[in-house]
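S.K.: Pasting a structure here, questions to come.
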Amino acid sequence: MNETPTSSTTGRRNLLFVTGTRADYGKLEPLAIAALDAGHRVTFFVTGMHMMEKYGLTKIEVHRQKRFDVVEFINQRNGDPQDIILAKTIIGFSDLLQERTPDLVIIHGDRIEALACSLVCATNYVRCAHVEGGEVSGTIDEQFRHCNTKLSSVHLVSSEDARARVIRLGEPPDTVHAIGSPELDIHGRASGVTLDQVLEYYEILSRDYGICIFHPVTSERQTIGAQAASLFAALKDSNRYFVVILPNNDPGSDEIVKVINKLPHDRFRILPSMRFTFFSELMRNASSIIGNSSMGVREAPFLGVPSLDIGTRQSNRGLTDSLSQCAAHERTSIDRFINESWGQRFPSSQNFGTGDATKRFVELLDRDSFWSTPQQKYFVE
């Protein structure tokens, strides 16, 4: 009887990507498309903020490709605490693994959904690759990120510094690959849309604009509303025009949104989310980027756009001439940045990659050694 060749005998692998937010999808999509083009099968497990209308129902972004097999899972209701979201995601992803047999699960970063899925993979001995481990930030996100590192069997890090940290966590050096941040592959090429198209589509009223994204820091929930009030008061008094993207759904987001909703609409365009290619074009033409999103320490320096990192969420994560840092209440520093850095351009920083992460990822998938790494892990001294 003739048997159907398996992925291990044909070289075609079953890859399962996990995405819970617009941010991690922007990093995973380039890897998924490159894997598809190389002949591998790609499925996305879509959950978290993607499934919530409050945050723009961004699952639409995953479906828009029309090339992926997509599995949706609602893992939370508004107001669910992190531990409940973790438990629900574990149950949902565990059920999926009973139905699917992926050769590799790919997770990203430090979100609660990624932690749930890496735990399920570890307990079921399913090979798991962790994208952008080894980063530092100083918040609970860092704890989640390092947990994902220890639960995963393969590490796709953004820099040599991150690679060194993962190795110091006891991971075998031959499992830690510095491929760069995948989203830089997209930002490094033409977006495919014009700035005029972006401004018209999202009804943005000025070509001279800054971008602000301010997320909650879960360990600072008691003060996050006051931080937001201080930051946005400074932006309001600057008389500049800003595009504001709503924060993620971590505890404390409601306090930030309350502040944002009081901003004058003639100078603040408030959006729940944006299409990734449109956002890429918006970023590369911004006069500045302000807030505590990772884009301020990664994408902005890569594009040469001046950025101001607010607070502790991205602490110690980036160092380049285009990047400044201060607390939300440091009004003088915020004013100085807007007055002195607005509209400037800097040389591209390649601290987080050179825009060829997808090529390096596909090359790894083609290596026999990538698939022969033992699933049983030992701490490497």
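The values are calculated or read from the model by the stated rules, or taken from the named source; none is laboratory data. It should be emphasised that the depicted structure is a prediction, and the values quoted were computed from it without experimental measurement. Virtual Cβ from ideal backbone geometry, glycine too; neighbours counted across all protein chains shown. The protein model used for the area step is the full one, side chains on, heavy atoms only, and it has no ligands, DNA or RNA in it. Shrake-Rupley method; radii C 1.70, N 1.55, O 1.52, S 1.80 Å.
S.K.: For the range 204-261, state which trypsin sites (Lys or Arg not before Pro) are in a DSSP loop and have at most 12 other beta carbons lying within 10 Å of their beta carbon.
M.R.: Arg207
S.K.: In addition: Roughly how many debye, to the nearest 20, is the charge dipole of the chain about its Cα centre, given +1 on each Lys and Arg Cβ, -1 on each Asp and Glu Cβ, and no other charges?
M.R.: Here the chain has a charge dipole of around 280 debye.
S.K.: Do any cysteines of the chain lack a neighbour Cys whose Cβ is under 4.7 Å away, and which are they?
M.R.: Cys117, Cys147, Cys212, Cys326
S.K.: Which links in Lys54/Lys236; Lys66/Lys359; Lys88/Lys377; Lys88/Lys258; Lys66/Lys262; Lys59/Lys258 stretch past 30 Å when you go from one Cα to the other? Please report the intermediate quantities before stating the final value.
M.R.: Details: Lys54/Lys236 25 Å; Lys66/Lys359 22 Å; Lys88/Lys377 27 Å; Lys88/Lys258 28 Å; Lys66/Lys262 38 Å; Lys59/Lys258 25 Å.
Flagged as over cut-off: Lys66/Lys262.
S.K.: Under 10 Å, Cα contacts only: if you run a Gaussian network model on the chain, which one of His146, His63, His155 comes out with the highest mean-square fluctuation?
M.R.: His63
S.K.: Would you kindly derive the ³J(HN,Hα) couplings of the range 215-222 from the backbone phi angles with the Karplus curve 6.51 cos²θ - 1.76 cosθ + 1.60 (θ = phi - 60°), listing them in order in whole Hz, with x for Gly and Pro?
M.R.: 8, x, 10, 4, 7, 10, 4, 5
S.K.: Around His108, which amide H atoms from residues at least 5 apart in sequence, or from another chain, sit under 5 Å from its own amide H, with H modelled in the peptide plane?
M.R.: Val131
S.K.: I'm checking a number: the convex hull volume of the Cα atoms of the chain, normalised per residue, in Å³. What is it?
M.R.: On the way: hull volume 50.7 nm³, N = 381.
In the chain, the Cα hull volume divided by residue count equals 133 Å³.
S.K.: Let me ask something additional. Report, in debye and to the nearest 20, how large the dipole of the range 242-381 comes out about its Cα centre when Lys and Arg carry +1 and Asp and Glu carry -1 on their Cβ.
M.R.: Computed about the Cα centre, the dipole is about 280 debye.
S.K.: In the range 231-306, what is the volume of the convex hull around the alpha carbon atoms, normalised per residue and reported in Å³? If you can, show how the numbers build up before the last one.
M.R.: On the way: hull volume 7.7 nm³, N = 76.
Once divided by residue count, the hull of the range 231-306 is 101 Å³.
S.K.: Could you size up the charge dipole of the range 32-163 around its Cα centre, putting +1 on the beta carbon of Lys and Arg and -1 on that of Asp and Glu, and report it in debye to the nearest 20? Each step should come with its number before you reach the end.
M.R.: Values: 14 positive and 18 negative charges, 69 e Å.
It comes to approximately 340 debye.
S.K.: Work from the charge dipole of the chain (Cβ charges, +1 for Lys and Arg, -1 for Asp and Glu, about the Cα centre) and give the residue of Leu271, Gly296, Ala229 farthest towards its positive end.
M.R.: Most positive-ward Cα: Leu271.
S.K.: With every protein chain left in place, what is the accessible area per residue of the chain in square angstrom, probe 1.4 Å?
M.R.: 43
S.K.: Would you grab the residues whose amide H sits under 5 Å from the one on His215? Only those 5+ places off in sequence or on another chain, please, with H modelled 1.01 Å from N.
M.R.: When sequence neighbours closer than 5 places are left aside, the close amide H contacts are Asn292, Ser293.
S.K.: May I ask you to order 349-359, 168-178 by the average number of other C-beta atoms within 10 Å around their residues, highest value first?
M.R.: Ranking the peptides 349-359, 168-178 by packing returns 349-359, 168-178.
S.K.: Taking the Cα centre of each part, how many Å lie between the range 216-264 and the range 311-326?
M.R.: Here the two parts' Cα centres lie 18 Å apart.
S.K.: If you don't mind, another one. Of Lys262, Lys150, Lys27, which has the most accessible area with a 1.4 Å probe, and how do the rest follow in descending order? Walk me through the numbers before you get to the answer.
M.R.: Values: Lys262 170, Lys150 80, Lys27 10 Å².
Output order, biggest surface exposure first: Lys262, Lys150, Lys27.
S.K.: Looking at the chain as a GNM with Cα springs under 10 Å, which of Gly296, Gly26, Gly39 has the largest mean-square fluctuation?
M.R.: Judging by the Gaussian network model, the answer is Gly39.
S.K.: So what is the 222 nm mean residue ellipticity for the chain from helices alone, if each DSSP H run of at least 4 adds -39500 (n - 2.57) and you divide by all residues, rounding to the nearest 500 deg cm²/dmol?
M.R.: Details: 16 runs with 153 residues, N = 381.
Helices in the chain give a 222 nm mean residue ellipticity of -11500 deg cm²/dmol.
S.K.: Next question. Choose one answer from Gly291, Gly188, Gly79: the residue with the largest mean-square fluctuation in a GNM of the chain with alpha-carbon springs under 10 Å.
M.R.: Residue with maximal mean-square fluctuation among Gly291, Gly188, Gly79: Gly79.
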